[in-house]
1. Return the sequence-ordered ³J(HN,Hα) values of the stretch B:86-91 in whole Hz as given by the Karplus equation 6.51 cos²θ - 1.76 cosθ + 1.60 applied to θ = phi - 60°, using x for Gly and Pro.
2. Let's test the formula: R0 of 22 Å, r as the Cβ-Cβ distance of residue A:34 and residue A:177. What FRET efficiency results, to the nearest 0.05?
3. What relative contact order, as a whole-number percentage, does chain A give when Cα pairs under 8 Å and 6 or more residues apart are counted?
4. I need the fraction of alpha carbon pairs in the stretch A:66-193 separated by more than 21 Å, rounded to a whole percent.
5. Compute the FRET efficiency between residue A:321 and residue A:255 as 1/(1 + (r/R0)^6), taking r as their Cβ-Cβ distance and R0 = 22 Å, and round to the nearest 0.05.
6. Residue by residue, what Karplus-based ³J(HN,Hα) values in Hz, rounded to whole numbers, does the stretch A:41-57 have, using 6.51, -1.76 and 1.60 with θ = phi - 60° and x for Gly and Pro?
7. Within straight cross-link reach of residue A:12, meaning Cα distance under 22 Å, which lysines are found once same-chain residues fewer than 8 apart are removed?
8. So for the pair residue A:20, residue B:84, with labels modelled 7 Å out along Cα→Cβ, what separation do we get in nm?
Amino acid sequence: MKPAVEAKSVSKIYETAGHAPVKALDNVSLAIAENEFFTLLGPSGCGKTTLLRLIAGFEFPNGGHILLQGQDIAHLPPDKRPVNTVFQHYALFPHMTVAQNVAFGLRMLKRPQAEIGDSVRQALALVKMEAYGARRPSQLSGGQQQRVAFARAIAPHPKVLLLDEPLSALDLKLRQAMRLELKRLQRETGITFIFVTHDQEEALTMSDRIAVMSAGHVQQVGEPLAIYESPVNRFVADFIGDSNFLDGAVVKTAKGGALIKVAPNFLIETSAAGAAKGDKVSLALRPEKITLAQPVKGLPRGVVREAVYIGNSTTYMVEIDGGIGVTVRESNSLSGQSHFAVGDRVGVVVEAGAARLLAG
Amino acid sequence: MRSHVGQYPGLRIWAALFFVFLYAPMVVLISYSFNTNKLAMIWGGFSVRWYEKLFTTGGIADAAFNSLVVAVIATTVAVVIAIAAALVLVRQRPFGGAGISTALISMPLIVPEIVTAVATLMFFVIAKAAIGFDFGIGNIVLAHIVFCIPFAFMPIRARLSDMDGTMEQAARDLYATPWQAFRYVTLPILMPGVIAGAMLSFVISLDDFIITQMISGPGTTTLPVYIYSMIRNGITPEVNAASTILIAASTVLVTIYWYVSRPNAK
C-alpha cells in the first residue's frame with residue numbers, strides 16, 4: 001500500500017534580500033501511512049511548519065518531491081490538492097456564519113446544494129457544534145472556534161488533514177480536553193492527520209508516530225514509546241523529556257552489551273551498538289530511571305545537593321563522588337518511602353538497560 | 001492644579017466662538033437660499049423658488065450632471081486601482097520599490113493643489129499639441145481619477161493591513177482559485193475600507209474646483225466651477241441654493257464614510 005504522504009529529498013531555502021539564504025528544510029525524506037496520526041515535533045525554526053506549508057501548497061520546494069498517494073503534488077497550487085488545513089489562529093471567515101464557513105470548501109468544489117447541506121450538518125455534528133450554525137465566528141469562544149475550524153477543514157473529506165499547532169491558542173484545561181477530542185476525531189473520520197507542534201506532551205499523547213525535527217533535518221521517526229525510551233541522539237533525548245547526559249569510556253564489551261565508565265566508581269551497562277573498548281561515548285539516562293538508596297558499599301555514591309518536591313515526584317540533584325552530577329526523579333506514589341535531604345550521602349541505582357548510547 | 005485643558009476658564013466661550021465663526025456663514029447661506037426676497041439682506045419668508053429657478057435655467061442642471069458623471073467614473077476607477085495597489089503593497093512579499101511606491105501614491109495628498117492643477121493643465125496642453133489628445137469631459141475624468149487614487153488608497157490599505165493574511169490562504173486551501181479567494185473572502189472583508197475610500201474619493205471629486213477650473217472648457221463645467229462663474233455676477237439666491245445642494249451632498253457622503261470607517265465596523 002502506498003503511503004498517504006511521502007516527502008522525497010525535499011529542500012526549501014528562503015532567500016531574503018540582504019541576508020544569507022536560510023535552509024528551512026535540508027533533504028528531508030518521510031513517509032506517512034494512511035489513517036496515521038503523524039506528528040512533526042520540534043522547536044520553532046526547525047522546519048516543521050515549512051514542511052506542512054509545502055504539503056498544503058502555500059510554499060513550493062526548491063528540490064525534491066512531495067507525493068500524495070503516489071502522485072507528485074509538489075508544484076500544484078493549494079486549491080488543486082485534496083488536503084485541508086486547520087490553522088493556528090483558525091482563520092475563520094468573519095463575514096460568514098459558522099455554517100457558511102463549513103460549507104465554503106464544498107461550495108468551491110461546486111458540490112450539489114443538498115450534498116453541501118448534509119456534509120455541513122455531519123461535520124458540525126462531529127465536533128458537537130450543530131446548534132451554532134447560524135452564529136458568527138466572533139460570537140464563539142476560542143474552543144468553539146477551534147471546533148468550527150476543524151469542521152470546516154474536514155467537511156470536503158480531504159485525503160490528508162494538516163493541523164498547524166491548532167491547540168496553542170487555547171488555555172491548558174481546554175488544550176488537554178481537545179487532545180483527546182482530536183484523537184477521537186481522527187479515529188472516527190479515518191483521515192490521515194499531520195499535526196505540527198512544539199509541545200512534546202501533545203505529541204506523545206496523540207500520535208501514532210512522531211518525527212522529531214531540528215535545523216531542517218528529521219532527527220528521528222518512531223512511535224512515542226520508541227522516541228522517549230530510545231532517543232537516537234542528544235537532541236532528541238534533550239528535547240523529549242529530561243535526560244542526564246553522561247560522557248564516559250567503554251571499559252568492556254560483551255555480546256549485545258557494553259560497560260561504560262562515567263565516573264571512577266560509576267559504571268553503567270548499555271547495549272553495545274557497535275562500540276569498541278576504549279571508545280569515548282555519550283549516554284542519555286532519564287532521571288526517573290535512577291533511584292536513590294543508602295550509601296552502601298558497591299553502589300556509586302554521592303551527596304544530595306538539591307531536593308525539589310513537586311507533589312507526585314521529588315527531583316534530586318546528586319553529586320557523584322568524582323565530580324559528575326546527575327538528576328534523579330523519584331515518584332512519590334508509595335507511602336512510607338524514604339526521602340532524602342540536602343547534604344545526605346546516598347547511593348544511586350540505575351535501572352538495567354535504561355541508559356542509551358547516543359550517536360554523534 | 002488644573003489637570004485637564006477643559007478646566008481652564010473661558011474655554012467654553014472660545015469654543016463657542018470657534019463654532020460660530022466656522023458654521024455661521026454656512027447657516028446664513030443656507031437660510032438665504034430659502035429666502036423669498038431677491039435681496040439677500042432682507043428676509044421675505046420661506047420658499048423654494050430659487051431651487052426651482054435653478055433647475056429650470058438649464059446651466060446648473062448640466063453642471064450638476066457633469067459633476068455626478070465625473071465623480072462616479074473617477075471614484076470607480078480610482079477605487080479599482082487603489083485596491084490593486086493595496087494588494088500588491090500589503091500582500092506580496094516585500095519588494096525593493098514597496099516603500100517608495102507607497103510614498104508616491106500618497107504624494108498628491110501633500111503636493112499643493114495649485115501645483116497639481118498647473119501640472120495637469122500643462123500635461124493636457126502638451127498632449128493635445130503633440131498627439132491631439134483631447135477627450136473634453138474625459139480630460140476632467142482622467143484628472144479626477146488621478147487625484148482620487150490616494151484618497152481611495154489610504155482606507156483600503158489600512159483595512160488590508162489589519163486583515164489576517166491567513167484568511168486568503170484558508171480560502172485557497174478550501175479549493176478557491178485566486179480570483180474566488182479575492183471575490184468571496186478578501187473583498188467582503190475589505191468592504192468597509194472600500195466604501196470609505198469610495199465616499200472620500202466621491203466627495204473630493206465632487207468638490208474639486210482648482211484643478212477642474214484649469215482644464216474645463218465649454219460643455220465640461222462642473223458644479224463648483226459653475227457656482228464660481230455665477231458669483232462673478234454677484235451673490236444671487238441661486239448661488240446660495242446651488243451651494244446648499246453641494247453642502248448637503250458632501251455631508252451625506254462624509255457621514256457614510258465616518259459611519260463605515262468607525263473602529264470595529266463589521
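1. 5, 4, 5, 6, 9, 8
2. Details: r = 27 Å, r/R0 = 1.24.
FRET efficiency, residue A:34 to residue A:177: 0.20.
3. Values: 773 pairs, mean separation 53.7, N = 360.
Rounded, it is 15 percent for chain A.
4. Values: 3112 of 8128 pairs.
Tail fraction, whole percent: 38.
5. Numbers: r = 31 Å, r/R0 = 1.42.
Calculated value: 0.10.
6. My calculation for the stretch A:41-57 gives 10, x, x, 5, x, 7, x, 5, 5, 4, 4, 4, 5, 5, 6, 6, x Hz in order.
7. Hits, sequence-local ones excluded: A:23, A:48, A:80.
8. Simple spin-label model gives 4.2 nm for this pair.
The values are calculated or read from the model by the stated rules, or taken from the named source; none is laboratory data. Keep in mind the model is a prediction, meaning the values are calculated, not measured. Please note: Cβ atoms are built from the backbone with ideal geometry, for glycine as well, and neighbour counts cover all protein chains shown. Surface areas here come from the heavy atoms of the whole protein model, side chains and all, with no ligands, DNA or RNA. Shrake-Rupley method; radii C 1.70, N 1.55, O 1.52, S 1.80 Å.
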